[in-house]
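Take a look at the structure below.
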Amino acid sequence: LQNLAQQRLLIKGGKVVNDDCSVVADVYVEDGVVQQVGPNLNPEPPAGLVVLDATNKLVIPGGIDTHTHMQFPFMGSRSKDDFYTGTKAAIAGGTTMIIDFAIPQKGCSLIEAFDRWKSWADPKVCCDYALHVAVTWWSNKVKEEMKSLVQNKGVNSFKMFMAYKDLYMVNDEELYAAFSCCKELGAVAQVHAENGELIAQGAKKMLAMGITGPEGHELCRPEDVEAEATQRAITIANAVNCPLFVVHVMSKSAARVISNARREGKVVYGEPIAASLGTDGTNYWNKDWAHAAAYVMGPPLRPDPSTPGFLMNLLANDDLSVTGTDNCTFDICQKALGKDDFTKIPNGVNGVEDRMSVIWEKGVYSGKMDENRFVAVTSTNAAKIFNLYPKKGRIAVGADADIVIWDPKATRTISAKTHHQANNFNIFEGMICHGVPVATVSRGKVVYEGGAFNVTAGEGKYVSRPPFPPYVYKRVRQREQV
């Protein structure tokens, strides 16, 4: 009976906010899809209809987190949030879809990595998800596998690491080949932009100087190292006319490089994350080792405290396009693997649950962006870039019913004591945020309301993404012809 009831839903009296406009309207949902949007809807029969009151609240498309690492085996450990706790936390924060990364070791099969990640996710996910696939080495086999992933598995984005030397890093020649292949297949090329060679040298230098604490992590990979790699990736992508997506933009200088490239008409998108928009790298110098280590991620947060505001301005302006989290949680015990050597601290921070509220607080409440731009950067732009739009990222007839009732006036205080993530630390601890999800609807089912969950592991679906997203490729194709 419960299931039948969940299939018909009416959201009444709210303001429906899309990326391009806001309108006071009811939303009627049946079979997981939006059927009607308009004033004073009265769907028949009234029996078995679930009604949610959204008076004085916003009704927004569910958030799409473009960057997560659930149960990721990395740096001698495995991230704490698995696909169950991670997606459950996402739902509590108003995110209804994550895009995670399948990452093969060098020399290993991309398809096997994809299948492995999918087998971890399918039985556990509480909301929809997709997978980016990483290209960590190059050969004809990799090229064939990329083609197969695009044609048979619904993958339209591949990530190349310019950092993590000897683990995942690829060189310029391999980047050129991978970008060329993405372009042929109609996929979006993604890069982790840092100069891995300089980081390796810098780390040696720091350790030789006796700097072993978390601050060494930032000192050995300063902003220049991120900006240089960002510039290089853009140059190589431009040489083959391939669209580029720069993941986790962490610094002013890297953001400026992206901004300038966009001014020059290059097809490039920047993804700041909840962490780079909501906190900073002064934490690496905290006297408490565990506190400092909790913030260690690659690229690091920047010690310049004006960085988050700078990145938020660029996000508001469309210099930067989308927001993810790079959610990759390691608890204090796992971080302690690097107690005597910062290079052994597992890299990663939380964010999947707090992203929406952090961006509302720092972006909308602060007056830097309006509610429509908020929807664009938390959901719609990601849906457009990764070819999920308008099924995702929009509230309109025919769209998937991934919807959040958002209270812009309510506040909450972020804390590890109350969050739903499987971690004993939160990098936003104590932050008071305006903008709180009151209810979350995934595929037409109310999965979270008033602090209570109604989720089942495995209820989320894997979403296939077709190649050649028009939002990205219309210009690219035209340039080819010209």
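The values are calculated or read from the model by the stated rules, or taken from the named source; none is laboratory data. All values reported here derive from a predicted model rather than from experimental measurement. Counting neighbours? That spans all protein chains shown, and the Cβs are built from the backbone with ideal geometry, glycine included. These area figures cover heavy atoms from the full protein model, side chains too; ligands, DNA and RNA do not enter into them. Shrake-Rupley method; radii C 1.70, N 1.55, O 1.52, S 1.80 Å.
Of everything listed in (1) open to solvent by 30 Å² or more (accessible area, probe 1.4 Å); (2) touching a helix residue (DSSP H, G or I) at 6+ places or on another chain (Cβ under 6 Å); (3) not polar (S, T, N, Q), the single unmet condition for residue 314 is (1). Counting only residues that are farther than 18 Å from residue 331 by Cβ and in contact with a helix residue (DSSP H, G or I) (Cβ under 9 Å, 6 or more places away or on another chain), segment 285-297 holds 1 of them. Among the residues of segment 232-256, the ones that are surrounded by fewer than 24 Cβ atoms within 10 Å (Cβ to Cβ) and either polar (S, T, N, Q) or farther than 14 Å from residue 190 by Cβ (or both) come to 9 in all.
Of all residues in segment 440-450, how many are in a loop (DSSP other than H, G, I, E, B) and in contact (Cβ under 8 Å) with a residue 24 or more places away in the chain? Step through it out loud before you land on a result.
Initial filter on segment 440-450 (in a loop (DSSP other than H, G, I, E, B)): 443-444, 450.
With the extra rule that they be in contact (Cβ under 8 Å) with a residue 24 or more places away in the chain, the set shrinks to 443-444.
The number of residues fulfilling the criteria is 2.
Of everything in segment 257-277 that is without any contact (Cβ under 8 Å) to a residue 40 or more places away in the chain and among the β-branched types (Val, Ile, Thr), the residue that is least open to solvent (accessible area, probe 1.4 Å) is 268. Please verify whether residue 65 is within 30 Å of residue 317 (Cα to Cα) and open to solvent by less than 10 Å² (accessible area, probe 1.4 Å), treating the condition exactly as stated. For residue 65, the condition - within 30 Å of residue 317 (Cα to Cα) and open to solvent by less than 10 Å² (accessible area, probe 1.4 Å) - is met. Restricting attention to segment 317-336 and to residues that are over 25 Å from residue 415 (Cβ atoms) and surrounded by fewer than 24 Cβ atoms within 10 Å (Cβ to Cβ), the residue that is farthest from the chain's Cα centre (by Cα) turns out to be 317. Residue 99 meets the conditions (1) buried (at least 24 other Cβ atoms within 10 Å of the Cβ); (2) under 14 Å from residue 323 (Cβ atoms); (3) of a type in the set (Val, Ile, Thr) in every case but one. The failed one is (1). Taken over segment 278-294, the residue count meeting the criterion of being open to solvent by 10 Å² or more (accessible area, probe 1.4 Å) and among the hydroxyl-bearing types (Ser, Thr, Tyr) is 2. Checking the structure you have, find out if any residue of segment 79-86 is open to solvent by 10 Å² or more (accessible area, probe 1.4 Å), at pLDDT 95 or above, under 21 Å from the mean Cα position of the chain (by Cα) and not hydroxyl-bearing (Ser, Thr, Tyr). Yes; the residues of segment 79-86 include at least one that is open to solvent by 10 Å² or more (accessible area, probe 1.4 Å), at pLDDT 95 or above, under 21 Å from the mean Cα position of the chain (by Cα) and not hydroxyl-bearing (Ser, Thr, Tyr).
Can you pull out every residue in segment 399-417 that is outside any strand (DSSP E or B) and of a type in the set (Gly, Ala, Ser)? Within segment 399-417, 399, 401, 415, 416 qualify.
Test residue 114 against the criterion of being closer than 20 Å to residue 245 by Cβ and assigned to a helix (DSSP H, G or I), and give yes or no. Yes. Return a yes/no flag: does segment 39-52 have any residue that is closer than 29 Å to residue 321 by Cβ, surrounded by 19 or more Cβ atoms within 10 Å (Cβ to Cβ) and among the hydrophobic types (A, V, I, L, M, F, W, C). Checked against the condition, which is being closer than 29 Å to residue 321 by Cβ, surrounded by 19 or more Cβ atoms within 10 Å (Cβ to Cβ) and among the hydrophobic types (A, V, I, L, M, F, W, C), segment 39-52 yields no hits at all. Scanning segment 260-271 for residues that are touching a strand residue (DSSP E or B) at 6+ places or on another chain (Cβ under 8 Å) and either at pLDDT below 95 or outside any loop (DSSP other than H, G, I, E, B) (or both) yields 261, 262, 268, 269, 270, 271.
Condition check ((1) under 28 Å from residue 346 (Cβ atoms); (2) small (Gly, Ala, Ser)) across all residues:
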residue	(1), (2)
130	yes, yes
138	yes, no
147	no, no
203	yes, yes
211	yes, no
214	yes, no
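Taking the condition closer than 20 Å to residue 237 by Cβ and under 21 Å from the mean Cα position of the chain (by Cα), does residue 114 pass? So residue 114 does not fit the description; no.
Of the residues making up segment 325-347, none is in a loop (DSSP other than H, G, I, E, B) and among the small types (Gly, Ala, Ser).
Looking at (1) within 30 Å of residue 296 (Cβ to Cβ); (2) open to solvent by 30 Å² or more (accessible area, probe 1.4 Å), which is the only condition residue 464 fails? Result: residue 464 fails condition (1) only.
How many of the residues in segment 377-393 are over 21 Å from residue 185 (Cβ atoms) and surrounded by 24 or more Cβ atoms within 10 Å (Cβ to Cβ)? Total meeting the criteria: 7.
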